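What follows draws every value from the coordinates through simple rules; no lab data is involved. In this text the structure is predicted, and so the values were computed from the model without any measurement. Here Cβ is always computed from backbone atoms with ideal geometry, including for glycine, and neighbour counts include all displayed protein chains.
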Amino acid sequence: MDGKDSVIVFQKKTKKSPAYKSFKSFKGDTVAYMKYNFENDADYYLNKRMDVFFNAVELPIHNFVSGSWDEKTGKTNFLVFHFYSDKDEDLRRRTQKNPLTLYVYFKEPVLYKELVRYSKRKTTDQLEPLWDDEAKKFLQKTKIKAISLPK
């Protein structure tokens, strides 16, 4: 194996963009971390599987919601990932701080109803399904069309 092959294996193993910077390097600034790694470097994730994104993002996903879905097919083209609890997100909005959501668009729609089935809600008044390993497993092979932060 020559040096070129070793680099390719390393990139496949880490599944992070060569330009990726750790969350720690942003000194707790979650918005700067997300903008740098997932908005400015969004092209890196095009046509990659969701497991590449999951392996790269260091912030825990709290919950998610479908951006839009077709009632006839039960499929969605994208998800909006939330990185704060409902309570923290509401507080951030009231204090005019970015609530930190990330939009991930899919090359092929996924069955939203099936995805939600895998996810648990802790309380009945919770709007979005909680993120968990089963939801992650359900999406891991889904290909990414685009990633963006809300404007």
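Worth pointing out:
- In this calculation the C-beta distance from Glu108 to Glu39 is compared with R0 = 30 Å, giving a FRET efficiency of 0.85.
- Between Ser22 and Arg117, residue separation times 0.36 nm minus the direct Cα-Cα distance comes to 31.0 nm.
- Added length on full extension, which subtracts the Cα-Cα distance from 0.36 nm per residue, Thr30 to Asp132: 34.6 nm
- Counted residue by residue at 0.36 nm each, then reduced by the alpha carbon distance between them, the extension gain from Ser148 to Asn98 reaches 16.6 nm.
- In Hz, Karplus ³J(HN,Hα) per residue of region 23-40 (6.51, -1.76, 1.60; θ = phi - 60°; x = Gly, Pro): 4, 4, 5, 9, 6, x, 7, 5, 5, 4, 4, 5, 4, 5, 8, 10, 9, 5
- Taking Cβ atoms as reference points and 10 Å as the exclusive limit, the residues near Tyr33 contribute a net charge of +2, counting Lys and Arg as +1 and Asp and Glu as -1.
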